[in-house]
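Student: Handing you a structure now.
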Amino acid sequence: MNIKAIHHIAILTDDYERSKTFYTEVLGFKILAETYREERKSYKLDLTINGQYQIELFSFPDFKERASFPEQKGLRHLAFAVENMEASVAELAGKGVDVQGIRVDELTNKKFCFFYDPNGQPLELYEV
């Protein structure tokens, strides 16, 4: 096996329009494709940042809530690289996103902070 990169990250939502707005208008992802699958009563929205990374946003009528929040086995959170933490936090706050305080990673001395998407998915900004 020769893994080259992470291809995509899939996120499930119970409020498709709200999540679509959050990921496109608040976080700035661009839409690659949007598909409605009638047989599943489900949307699939393919999103990208800088044409490199992809999030697949799904809506399913029979979704399950997270087992615990956020410390459960599996995906803990998704982190986005930013160049200026203070400016990024200010932009999110200006768009009505509740952002936790900026902290410093004790191992790398890099700034980071957490916030949540409309589904309660933990997200992180990490300064590079």
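Student: Return the residues of region 1-53 that are of a type in the set (V, I, T) and not in a helix (DSSP H, G or I); say none if nothing qualifies.
Tutor: I3, I6, I9, I11, T13, I31, T35, T48, I49
Student: Taking region 111-128 on its own, how many of its residues are over 13 Å from the mean Cα position of the chain (by Cα) and surrounded by fewer than 13 Cβ atoms within 10 Å (Cβ to Cβ)?
Tutor: 1
Student: Give region 1-56 a look and list any residue that's over 18 Å from V82 (Cα atoms) and among the small types (G, A, S), or say none.
Tutor: Listed by number, the residues that qualify are A5, A10, S19, A33, S42.
Student: Separate question: Test each condition in (1) farther than 17 Å from R18 by Cα; (2) assigned to a strand (DSSP E or B); (3) modelled with pLDDT under 95 for C113 and report the one that comes out false.
Tutor: Exception for C113: condition (3).
Student: Which of the following residues is free of Cβ contacts under 8 Å to residues at least 12 places away in the same chain and within 21 Å of V128 (Cα to Cα): A93, A79?
Tutor: Within the list A93, A79, the selection yields A93.
Student: Still on this model: Evaluate the following for R40: is it of a type in the set (D, E, K, R) and either at pLDDT below 95 or surrounded by 13 or more Cβ atoms within 10 Å (Cβ to Cβ) (or both)?
Tutor: yes
Student: Still on this structure, I have one more. Which residue pairs have Cβ atoms under 7 Å apart, sit 6 or more places apart or on different chains, and have a first residue in region 20-31 that is in contact (Cβ under 8 Å) with a residue 40 or more places away in the chain and a second that is not in a helix (DSSP H, G or I)?
Tutor: So the pair list comes out as F22/D117; F22/P118; Y23/F29; Y23/L47; Y23/I55; Y23/L57; V26/K95; V26/V97.
Student: Filtering region 63-93 down to residues that are closer than 18 Å to D105 by Cα and touching a Pro at 6+ places or on another chain (Cβ under 9 Å), which residue is modelled with the lowest pLDDT?
Tutor: This residue is R76.
The values are calculated or read from the model by the stated rules, or taken from the named source; none is laboratory data. Values in this document were obtained by computation on a predicted structure and should not be read as measured data. FYI the Cβ positions are ideal-geometry reconstructions off the backbone, even for glycines, and counts take in every protein chain you see.
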